[in-house]
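One structure below.
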Amino acid sequence: MKHPYLTEDHEIFRKSLKRFLEKEAVPFYEQWEEERMIPRSLWRKMGEQGFLCPDLDEQYGGSGVDWGFSVVVNEELERVGSGLVGMGLHNDIVVPYINSFGSKEQKQRWLPRCVTGELITAIAMTEPGTGSDLANIKTTAKLDGDHYIVNGQKTFITNGIQSDLILVACKTNPNAVPKHKGVSLLLVERDTPGFSRGRKLNKVGLHSQDTAELIFEDCKVPKENLLGEEGKGFLYMMDKLQQERLLVAIAAQTAAEVMLKGTIDYVKSREAFGKPISQFQNTQFKMAEMATEVEMGRAFLDQLIAEHIDGQNVVTKVSMAKWRLTDTAKKIAGECLQFHGGYGYMEEYEIARRFRDIQVSSIYAGTNEIMKTIIAKNLGL
Ligand SMILES: Cc1cc2nc3c(=O)[nH]c(=O)nc-3n(C[C@H](O)[C@H](O)[C@H](O)COP(=O)(O)OP(=O)(O)OC[C@H]3O[C@@H](n4cnc5c(N)ncnc54)[C@H](O)[C@@H]3O)c2cc1C
């Protein structure tokens, strides 16, 4: 399938990334799933080859290319396995906050090492008591001389164990009205006193992805680690959550394409009652329905990516893509598993892992219900 925003240069880049992943990731992926972790060495190798944050400015070590290259990276990582999602989060979610809202000093200090893979980043918004209702977070950051004293707990944090630099949403003014005006973003470094990691969480899927709890107990964060301005954290998040949701939509669409292709191959090769199961009308109709959903999803998504690259306001359409494409991918996962019969329930078959992994796509980056509240609000309801 051709994407309207991709040129020959993107395809050359895709080929070299694919070759790299076939050598450095595909043969080890199942082992990483069992070990419940992607090794740091993969981050460094990705960095060495220019596959981390390619859209970042050259002065910070990036290649200064358009975001279409980042789309290619996310699609190819998803083709290997959804457990690599932490790299997309680093490249296209956390690093862009620093790039957009960070001071020159902050950018010089951290961005070059984000590009080489020496620094792994994370973003900590969600807390045990609140996820969807972000303005209601309870982690506090109180200014005391040259430091913020941070107290609170975060959970479900992608790259939580491995991260070296964490963007933490906290309340610098817990009494602000409205509540969201009290939210600020602080960059917390690995060895900051009072910062520790909690449990590495045991998930239904995304086994190789590192997801953890983070704990802040009188954690002393230098005041120069504030990102942008105090009280503007919520606005920054509402801005950057758009690209985060787009990433989830891209991954879901890619996963749907992979699952459908694998299943078409399977039904052609599996026989029942003396003929390939692809010959049954039920199989053909289901494949036709799924192929239609996938094709229509791709058309909507490609148009949306082009508008995002063009800098247009995509809030409503991103919310539409996020709920619809993840919902469709979940349905496709179920249908595709069914066509594999008993083998679909066996871990040796990729569809089993994809069925588990896709479930979270309707939950994280804002649940699909929250996406619908945004769409409804923007419809004037
Ligand atoms: C694998 C994984 C990785 C994650 N990575 C990160 C990360 O890196 N950083 C981070 O900060 N967070 C991360 N999260 C957290 C994720 O973003 C939250 O789980 C998500 O936003 C939902 O919040 P919650 O779990 O508190 O659910 P809740 O907010 O408690 O929601 C529970 C249910 O209520 C529904 N609901 C809530 N409010 C409304 C409403 N107004 N209208 C209708 N329905 C509503 C929800 O849709 C949901 O179905 C991750 C989660 C997972 C599972």
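Here Gly274, Gly334, Gly311 are screened, and the one residue that is closer than 30 Å to Tyr236 by Cβ and more than 16 Å from the ligand (Cβ to nearest atom) is Gly311.
Taken as a whole, the structure places Met371 among residues that are in a helix (DSSP H, G or I), surrounded by 15 or more Cβ atoms within 10 Å (Cβ to Cβ) and touching a Phe, Trp or Tyr at 6+ places or on another chain (Cβ under 6 Å). Scan the range 128-154 for residues that are closer than 17 Å to Tyr364 by Cα, buried (at least 19 other Cβ atoms within 10 Å of the Cβ) and of a type in the set (Val, Ile, Thr) and the total you get is 1.
Okay, residues lined up against (1) of a type in the set (D, E, K, R); (2) under 21 Å from Glu257 (Cα atoms):
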{"position": "Glu11", "(1), (2)": "yes, yes"}
{"position": "Lys23", "(1), (2)": "yes, no"}
{"position": "Phe28", "(1), (2)": "no, no"}
{"position": "Ile38", "(1), (2)": "no, no"}
{"position": "Gly50", "(1), (2)": "no, no"}
{"position": "Gly61", "(1), (2)": "no, no"}
{"position": "Val72", "(1), (2)": "no, yes"}
{"position": "Val80", "(1), (2)": "no, yes"}
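Scanning the range 177-195 for residues that are part of a loop (DSSP other than H, G, I, E, B) and among the aliphatic types (A, V, I, L, M) yields a single hit, Val177. Taking the numbered list (1) within 16 Å of the ligand (Cβ to nearest atom); (2) in contact (Cβ under 8 Å) with a residue 40 or more places away in the chain in turn, Ile363 passes all entries but (2). The residue pairs whose first member lies in the range 12-30 and is in contact (Cβ under 8 Å) with a residue 24 or more places away in the chain and over 13 Å from Met87 (Cβ atoms), whose second member is outside any helix (DSSP H, G or I) and aliphatic (A, V, I, L, M), and whose beta carbons are closer than 7 Å, counting only pairs six or more residues apart or on different chains, do not exist in this structure.
Looking only at the range 196-237, residues that are in a strand (DSSP E or B), within 25 Å of the chain's Cα centre (by Cα) and buried (at least 20 other Cβ atoms within 10 Å of the Cβ) come to 7 in all. Comparison of Leu119, Leu143 shows that the only residue that is farther than 22 Å from Lys240 by Cα and modelled with pLDDT of 95 or more is Leu143. Just to be sure before I move on: is Asp92 away from the ligand (no atom under 12 Å from the Cβ), in contact (Cβ under 8 Å) with a residue 40 or more places away in the chain and of a type in the set (Asp, Glu) in the structure I sent? When the stated conditions are applied, Asp92 passes them.
If you filter the range 173-191 down to residues that are surrounded by 22 or more Cβ atoms within 10 Å (Cβ to Cβ) and among the β-branched types (Val, Ile, Thr), you find that the one that is nearest to the chain's Cα centre (by Cα) is Val188.
Looking at the range 349-373 only, could you name the residues that are within 19 Å of Val314 (Cα to Cα) and more than 20 Å from the chain's Cα centre (by Cα)? Passing the criteria: only Thr373.
Being without any contact (Cβ under 8 Å) to a residue 24 or more places away in the chain and either under 24 Å from Leu260 (Cα atoms) or surrounded by fewer than 16 Cβ atoms within 10 Å (Cβ to Cβ) (or both) holds for only one residue in Ala329, Ala376, Ala321, and it is Ala376.
Filtering the range 181-209 to residues that are without any contact (Cβ under 8 Å) to a residue 40 or more places away in the chain, within 16 Å of the ligand (Cβ to nearest atom) and among the hydroxyl-bearing types (Ser, Thr, Tyr) leaves nothing. Only one of the numbered conditions (1) within 16 Å of the ligand (Cβ to nearest atom); (2) in a helix (DSSP H, G or I); (3) surrounded by 14 or more Cβ atoms within 10 Å (Cβ to Cβ) is violated by Thr283, and that is (1).
Within the set Phe51, Phe101, the sole residue that is free of Cβ contacts under 8 Å to residues at least 40 places away in the same chain and buried (at least 17 other Cβ atoms within 10 Å of the Cβ) turns out to be Phe51.
The values are calculated or read from the model by the stated rules, or taken from the named source; none is laboratory data. Keep in mind it's a predicted model, so treat the numbers as computed, not measured. So basically every Cβ, Gly included, is an ideal-geometry build from the backbone, and we count neighbours across all protein chains shown.
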